[in-house]
Amino acid sequence: MNVNNVMADLERKHPGESEYLQAVREVLESIEEVYNEHPEFEKAKIVERMVEPDRIITFRVTWVDDSGEIQTNIGYRVQFNSAIGPYKGGIRFHAAVNPSMLKFLGFEQTFKNALTTLPMGGAKGGSDFSPKGKSDAEIMRFCQAFMLELWQNIGPDTDVPAGDVGVGGREIGYMYGMYKKLAREYNTGVLTGKGLTWGGSLVRPEATGFGALYFTEHMLHQAGKSIEGKTVAISGFGNVAWGAATKATELGAKVIAISGPDGVIYNPNGMTPEKIEYMLELRASNRDIVAPFAERFPDATFTAGKKAWSVKCDIALPCAFQNELTGDDAKELLASGTWCVAEVSNMGCTPEAIETFQKAGILFAPGKAVNAGGVATSGLEMTQNAQHLSWAAEEVDAKLHYIMSQIHSACVRYGEQPDGRINYVKGANIAGFMKVAQAMLEQGVV
Ligand code: GLU
């Protein structure tokens, strides 16, 4: 394989889709050396097949807003790769959703799901619908209209969507309600992230953030460090940021920053249970601003227009959106002494930022490894649904813990450098790739 040739071909097929091309390039650069040691991969054209989604479903979503106005959005489901199991991945509702974004997310999901040790293929879906400022009734009508088209393409053994940015328990509830009405099938395993009274799994809401902190702990331990007493800056204030803030605090770290599109909250005294609870309230308000946090808690201050990376911290956890941490942000963090960055958002750091961290030799791990606890716990939810039972929180948490330690070990196995340091980007990409490639080889040309 020659990375530039594969990329040139992909650019010809998907012109201008910069996020998709960025995600693919990172993986190809990581796996190039290993790939070229396996002539059977080259012969079966594994890479050329793997970078192209199996199929993309696009549909119109029309709904009526509270003022009686008719609204039209676009809905998508990118079914990326089914080599190791049914399609699995979240649904994103955000104004910026487009095919490039969902292809990058579906591609990343394929590798991430392979890392979880569970049998799940990769997919992603969503719409350019923005939940910002929408009423609950509008959100319900939109979710119903979205499912009216999507339902024929999903199923417990076919494709199992979940939440992502803009889609949480409430949206999954509205979508499931419409699904069962249309399909006349009452198998709750068609979606994950459900409510606890109708097939949801304990610990699923916390899982992405908890898993990220378990992974971070392993990474620190591997480097002979500990998280206790360290300062942590988190971007975002949604579900993932909330889970990360909860677990970081529980492990004895001090969460000194959270942020929103409007600016950053500096929180020098760390989180309290009330503050963590308030993060949920902020998100549920649909206003997409973090400023009210400082009005509610006077020991915290709000600075408009600034990112979480402007706050001096030991550990930085991007938990919001792709490319939210740029090369300049990386330099700012390094200058203020940050020595560990664990990407929790999918592709949260730009290639320049990753290069800056790696050159500086600080600890860095990519989203597909760090945030895999979310989808892994979705996999555990699927297992519980299939067995018609539910596990205790301790049981789910123990399994999540074990899976994160397995993911960390896989990164170490494939990412250990001659000097003993771990290149987590390389390790995660190679580990995920090897599993999917092996499955594709064994299943022939399909
Ligand atoms: N959206 C989450 C992710 O990026 C969760 C997907 C799932 O649970 O299927 O992995």
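The values are calculated or read from the model by the stated rules, or taken from the named source; none is laboratory data. Quick caveat: nothing in here was measured; it's all calculated off a predicted structure. Please note: Cβ atoms are built from the backbone with ideal geometry, for glycine as well, and neighbour counts cover all protein chains shown.
Summary of computed values
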{"item": "Per-region count, the stretch 193-242, residues within 16 Å of the ligand (Cβ to nearest atom) and among the charged types (D, E, K, R)", "result": "3"}
{"item": "Residue satisfying condition, being crowded, with 19+ Cβ neighbours inside 10 Å, modelled with pLDDT of 95 or more and among the basic types (K, R), within set K230, K225", "result": "K230"}
{"item": "Enumeration of residues in the stretch 64-105 that are among the aromatic types (F, W, Y) and either out of contact with any strand residue (DSSP E or B) (no Cβ under 8 Å at 6 or more places or on another chain) or not in a strand (DSSP E or B) (or both)", "result": "F104"}
{"item": "Which listed residue is among the aliphatic types (A, V, I, L, M), surrounded by 18 or more Cβ atoms within 10 Å (Cβ to Cβ), farther than 30 Å from L363 by Cβ and within 13 Å of the ligand (Cβ to nearest atom), from I172, I139", "result": "I172"}
{"item": "Subset of the stretch 65-77 (residues that are more than 13 Å from the ligand (Cβ to nearest atom) and surrounded by 14 or more Cβ atoms within 10 Å (Cβ to Cβ))", "result": "D65, Q71, N73, I74, G75, Y76"}
{"item": "Hits in the stretch 304-356 (condition: in a strand (DSSP E or B) and surrounded by fewer than 16 Cβ atoms within 10 Å (Cβ to Cβ))", "result": "A304"}
{"item": "Residue within the stretch 49-63 that is surrounded by 12 or more Cβ atoms within 10 Å (Cβ to Cβ), aliphatic (A, V, I, L, M) and assigned to a helix (DSSP H, G or I) present", "result": "yes"}
{"item": "V64 over 20 Å from N4 (Cβ atoms) and more than 20 Å from the chain's Cα centre (by Cα)", "result": "yes"}
{"item": "Condition met for A392 (within 16 Å of the ligand (Cβ to nearest atom) and more than 29 Å from I46 (Cβ to Cβ))", "result": "no"}
{"item": "Only listed residue being among the aliphatic types (A, V, I, L, M), within 11 Å of the ligand (Cβ to nearest atom) and on the phi < 0 side of the Ramachandran plot, chosen from A360, A372", "result": "A372"}
{"item": "Residues located in the stretch 191-231, provided they are touching a Gly at 6+ places or on another chain (Cβ under 6 Å) and among the β-branched types (V, I, T)", "result": "T208"}
{"item": "Any hit, the stretch 280-287, residues being exposed (fewer than 13 other Cβ atoms within 10 Å of the Cβ), within 24 Å of the chain's Cα centre (by Cα), of a type outside the set (A, V, I, L, M) and not in a loop (DSSP other than H, G, I, E, B)", "result": "yes"}
